[in-house]
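Down below is the structure, laid out as structure tokens.
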Amino acid sequence: MSPVVRWIDSVFPRRALFQRDRRLFHLTFGRLLAGMGFAVTIPFLSLYLHTERGVPMSAVGGLFFVSALTGALAQLLGGDWTDRYGRKRMLVLAQVGRGIVFLFLSVAVLLHASPLWFVLLVCGSAFFGRLFDPPSGAMIADIAKGEERVEAYGVLRVGGNLGWAIGPALGGFLAALSYWSLFLVSAALMLLSAAFMAFKVQETAPHLVRPDGPGMAPAVGSSGVPGPSFGPSGGGRFRLADAAVALGDRVFLRYCLTVLILFTVMGQLVSTLSIYVVDWAGRSKAELGLLYSLNGLIVVFLQFPATRLVGASRMTTQLVLGSLLYAVGYGMIGLGSGFALLFAGMVVVTLGEITSMPASMNLVAAFSDESMRGRYMGTYGLFNSFGWSVGPLVGGILLDLAKGKPVLLWGCIGLVSILAAAGFWNLRRTLSRDIDYGRGGDA
């Protein structure tokens, strides 16, 4: 093997993508297109509403709060529908729906529509965007087993963040020309992702792939909570109690509550950081796009090495470390307005992201068996959506109240991240070793 190939294998999941299961490659490429479409627009939405339309930041935070609540509902519904109707169907539906919403957002910007239209359309974007998460998470759990699962979730994140690395740079260029073009490009990329998944992604749901397999068995969670049983067609009338059955798993519920705190911190990365960098620190939109591209590139090049480095440790250890890195990174951002310091802070924040996110999803897969993966992923998504919804709301209020006091703004956010670390450390005393090492939930 040549030195170049060895280096590629050390930083990029070539073997995982091309030499194991092609389904992982197809899902990852679809996620790349979707991530690019999302990242072209979302970092600049707050700027458009605040600087072009004069909407107060507290109201912008409120918009993200309401939209993320809509996304939380989509997570719960998507988890149930994923187990009933299969992974692929939900993946395609999510991308088609979001592409149509972005097309209408482009028209709304072009026509200078009322802010109420943006509330409705952003909520629609959040609904279809979050509808994507349960089937993609469940599909990874279907494809990979045991220790390979953390790596597979890392691979999926590499795809999404490669899109995140490309999108903001393109968005920064387009925003300088016209905001409506941002949404038009996003719509095209989302629909392209839908078409690719419709033709290339294969179904992995056990009750569809193996009609007589364990997908028909009653589900049991980590606390012994029985779930509903579904036949080979995955049918049956929807009931909210079925979708939320994972909430009866008390240990899993504790985990989700701690995840909510962590995602409240993560939610600062979009609206709060974009306003801080441009309005408070006086950096250009192009520099803002560069910071977000840096975030995506770090994930692309360091996610796989980081997964190898910490992959053998307990999931809670990785989550504690990731939470503490978030606290340090955001604290650095609050120390000054120089681009070099913002750059360094983003590096540390992204290290927290690549340490904690694959572990957080792998822990969800370890809590559940294969017939309940969609519902557990949906419930996990419900709480991370609440975190994403609370995050911009809290950040918007802090931006209005702590004007001119960046240390106060980012110091408060860092303290929330330390609280999440304490919660994960406390949780590790309750989890079994099989679950905490990501070995639960295997067929």
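Just flag the trypsin sites (Lys or Arg not before Pro) in region 77-159 sitting in loop per DSSP whose Cβ has no more than 15 other Cβ atoms within 10 Å. Intermediate results must be reported in sequence, preceding the final value.
Numbers: sites: 84, 87, 88, 89, 98, 130, 145, 149, 157; in loops: 145.
Sparse-neighbourhood loop trypsin sites (Lys or Arg not before Pro): 145.
From the Cα gyration tensor of region 48-118, with a ≥ b ≥ c the square roots of its eigenvalues, which class applies: rounded if a/c is under 1.5, or else prolate if a/b is larger than b/c, or else oblate?
On the way: a/c = 4.36, a/b = 1.86, b/c = 2.34.
Judged from the Cα gyration tensor, region 48-118 comes out oblate (a/c at least 1.5, b/c at or above a/b).
From the square roots a ≥ b ≥ c of the eigenvalues of the alpha-carbon gyration tensor of region 128-167, which class results: rounded (a/c under 1.5), prolate (a/b over b/c), or oblate?
Values: a/c = 4.10, a/b = 1.35, b/c = 3.03.
Note, shape of region 128-167 comes out oblate.
Does region 254-311 classify as rounded, prolate or oblate by the C-alpha gyration tensor (a ≥ b ≥ c root eigenvalues; a/c under 1.5 gives rounded; else a/b over b/c gives prolate, otherwise oblate)? Numbers along the way, then the final one.
Numbers: a/c = 4.34, a/b = 1.33, b/c = 3.27.
It comes out oblate by the Cα gyration axes.
Starting with the fewest neighbours, write out 376, 179, 48 ranked by other beta-carbon atoms found within 10 Å of each beta-carbon. If you can, show how the numbers build up before the last one.
Values: 376 32, 179 22, 48 19.
The order, fewest Cβ neighbours first, is 48, 179, 376.
Could you please rank 123, 412, 256, placing first whichever residue has the fewest other Cβ atoms within 10 Å of its Cβ?
Numbers: 123 19, 412 16, 256 23.
Going from sparsest to densest Cβ surroundings: 412, 123, 256.
Measuring from a point 7 Å past the Cα of residue 279 along Cα-to-C-beta, which residues in region 371-413 have an amide N at less than 11 Å?
Flagged as within label range: 396-404.
For a quick check: sort 64, 127, 339 by the number of other beta carbons within 10 angstrom, fewest at the front.
On the way: 64 27, 127 22, 339 16.
So the ranking, lowest neighbour count to highest, is 339, 127, 64.
Bear in mind that the values in this text are calculations on the coordinates, not laboratory data. Everything quoted here is computed from the prediction, not taken from an experiment. Quick reminder, even Gly has a Cβ in these numbers, built from the backbone with ideal geometry, and neighbours come from all protein chains shown.
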